[in-house]
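Report on one structure; see the data block that follows.
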Ligand code: HEC
Ligand code: HEC
């Protein structure tokens, strides 16, 4: 039968052999290139190159993946979920930004001051004439009026200004992008193309909230005075925020240090079970938590674990464990927001940013002698399964873990570590750099690493 087959289809056989050879050589020569680092941009490019009908995955899907990623990205970048009712109408943050001369209060916030507290400017949102004026230094960066021009053009990452018919700033809302985006500084420091999903470790959220003329509402929620609220906000510093304060009212750890945690990146989170430093829940749980209880958008949120008067007295008092708004401006957006997040991957480390040979040796150490991969399982770098550890297992204090429902720390995914070296490592930034992290593991887990091995491991961490 085989002989017959050979005789009948010689061209087909030759073709098949060529195909197999091409496939094998592609695998051999390019296997190093096949890294799961597709960014949204790349994904869009791939999808747009293929025939339009191939973007439709099947009639059961209402929209193509591409459309859903785009919608999710739009929500992430621009949606306030109606939270201007809190940040503007209630806290009156917009009035502090505009300043007295422009119908607000106080001196106002100039673009220079906005950049100094870590706010970023999306250069691509700026109209051409404004770019020209900026380049010619014709824009007064010390004038709050210029900040309003940026807001009018939707160019301040994570902030949306609302303007009345007379052109006055009448309210302001915030977006996810505020804390989980930065820019590539391609135009000037703090001004450039958006980098979705990166942690903004320059952003001083506490200093920004502190500007708000009406902090009494926050003081009332917490049952303290405004001076205490300001003290807590001032303790956060750049790159940090406390997403549990409005639930448990804890502004400080017992040792007097701030209770805030580092703003994490939100890329390369697909394939990971629990999210946040302390594993509060899934991506979708946390998205709903933040949008409703922190940004104070108008939606629906239910988490009966928060209905616990000894652990979360403020959540019980305010009813934040069971929020029901009508209309619901959040829930309809959660699905596409999730699709967008799943598509975000960590950007690969720049080629010359680490020593390649040392990183290769470091990878071996990570997987073997240093036992890092027992918890940080490549390529997701967290445990497939229940990715949580007690403070005792980690050899660190329990303060932050005990503020979460499971009293544990989640194994941090490590992809793109190089993008967030500012602000330190571990939930509260207790280790200033990767050397300190490795030193900690070496001592706590008695790894007996030599100085060269520690260095190799650090180079590997910078490469993932
Ligand atoms: C004011 C700053 C701020 C804003 C705005 C914000 N986040 Fe976060 N986000 C944080 C902080 C801080 C954490 C870490 C919280 C923790 O672990 O206690 C976090 C954690 C996360 C995580 C978990 C990351 C991980 O490693 O598992 C996700 C996902 C996330 N945020 C998504 C969002 C989305 C989506 C929005 C908009 C709906 C949003 N965030 C708005 C500050 C912010
Ligand atoms: C027992 C499980 C476990 C082992 C083993 C382990 N880690 Fe971790 N790792 C964690 C947890 C949990 C966290 C989060 C700690 C926190 O948030 O305070 C973490 C955090 C980190 C971070 C900080 C990430 C960030 O975004 O700040 C780095 C870096 C890290 N680990 C590297 C390593 C290296 C290198 C090794 C091996 C020497 C290692 N880990 C071994 C569980 C582990």
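Out of curiosity, is residue 288 within 16 Å of ligand 2 (Cβ to nearest atom) and over 24 Å from residue 377 (Cα atoms)?
Considered against the rule, which asks whether it is within 16 Å of ligand 2 (Cβ to nearest atom) and over 24 Å from residue 377 (Cα atoms), residue 288 comes out as no.
If residue 450 satisfies all but one of (1) farther than 16 Å from residue 275 by Cα; (2) within 13 Å of ligand 1 (Cβ to nearest atom), what's the number of the condition it fails?
Among (1) farther than 16 Å from residue 275 by Cα; (2) within 13 Å of ligand 1 (Cβ to nearest atom), the lone unmet condition for residue 450 is (2).
Given the structure, is residue 368 without any contact (Cβ under 8 Å) to a residue 24 or more places away in the chain, within 12 Å of ligand 2 (Cβ to nearest atom) and more than 20 Å from the chain's Cα centre (by Cα)? Break it down into steps so the answer makes sense when it comes.
Numbers: without any contact (Cβ under 8 Å) to a residue 24 or more places away in the chain: yes; within 12 Å of ligand 2 (Cβ to nearest atom): yes; more than 20 Å from the chain's Cα centre (by Cα): yes.
Spelling it out, residue 368 is indeed without any contact (Cβ under 8 Å) to a residue 24 or more places away in the chain, within 12 Å of ligand 2 (Cβ to nearest atom) and more than 20 Å from the chain's Cα centre (by Cα).
Could you list, in sequence order, all residues of region 165-174 that are surrounded by fewer than 24 Cβ atoms within 10 Å (Cβ to Cβ) and either in a loop (DSSP other than H, G, I, E, B) or within 18 Å of the chain's Cα centre (by Cα) (or both)?
Correct list: 165, 166, 167, 168.
Before we move on, is residue 416 within 16 Å of ligand 1 (Cβ to nearest atom) and surrounded by 15 or more Cβ atoms within 10 Å (Cβ to Cβ)?
Yes; evaluated as a whole, the condition is true for this residue.
Under 27 Å from residue 409 (Cβ atoms) and within 9 Å of ligand 1 (Cβ to nearest atom) - does that describe any residue in region 295-307?
Yes: region 295-307 contains one or more residues that are under 27 Å from residue 409 (Cβ atoms) and within 9 Å of ligand 1 (Cβ to nearest atom).
Being modelled with pLDDT of 95 or more and not in a helix (DSSP H, G or I) is the filter here, so list the residues in region 44-93 that pass it.
79, 80, 81, 82, 83, 91, 92 - these are the residues of region 44-93 that are modelled with pLDDT of 95 or more and not in a helix (DSSP H, G or I).
List the residue pairs whose Cβ atoms are under 9 Å apart, where the first residue sits in region 124-145 and is in the same structural domain as residue 192 (by TED's automatic domain parsing), the second is exposed (fewer than 11 other Cβ atoms within 10 Å of the Cβ), and the two are 6 or more positions apart or on different chains.
Correct list of pairs: 132/138.
Which ones in region 216-228 are closer than 17 Å to residue 293 by Cβ and either touching a helix residue (DSSP H, G or I) at 6+ places or on another chain (Cβ under 6 Å) or surrounded by 16 or more Cβ atoms within 10 Å (Cβ to Cβ) (or both)?
217, 218, 221, 222
Exactly one of these conditions fails for residue 432: (1) within 30 Å of residue 249 (Cβ to Cβ); (2) surrounded by fewer than 20 Cβ atoms within 10 Å (Cβ to Cβ); (3) near ligand 2 (Cβ under 8 Å from one of its atoms). Give me its number.
Evaluating residue 432 over (1) within 30 Å of residue 249 (Cβ to Cβ); (2) surrounded by fewer than 20 Cβ atoms within 10 Å (Cβ to Cβ); (3) near ligand 2 (Cβ under 8 Å from one of its atoms) leaves (3) as the failure.
When you go through (1) farther than 30 Å from residue 258 by Cα; (2) exposed (fewer than 14 other Cβ atoms within 10 Å of the Cβ); (3) without any contact (Cβ under 8 Å) to a residue 60 or more places away in the chain one by one for residue 379, which number turns out not to apply?
(3)
Would you check if there is a residue in region 137-157 being at positive phi and surrounded by 18 or more Cβ atoms within 10 Å (Cβ to Cβ)?
For region 137-157, residues at positive phi and surrounded by 18 or more Cβ atoms within 10 Å (Cβ to Cβ): absent.
Restricting region 237-284 to residues that are buried (at least 18 other Cβ atoms within 10 Å of the Cβ) and either farther than 29 Å from residue 340 by Cα or modelled with pLDDT under 95 (or both), which is farthest from ligand 2 (Cβ to nearest atom)?
Ranking the candidates gives 249 first.
Could we say that residue 459 is more than 9 Å from ligand 2 (Cβ to nearest atom), surrounded by 14 or more Cβ atoms within 10 Å (Cβ to Cβ) and farther than 13 Å from residue 359 by Cα here?
Taking the combined requirement at face value, the residue does not satisfy it.
The values are calculated or read from the model by the stated rules, or taken from the named source; none is laboratory data. Given the structure is predicted, the values throughout are model-derived calculations rather than measurements. Here the Cβ is made from the backbone with ideal geometry for all residues, glycine too, and neighbour counts use every protein chain on show.
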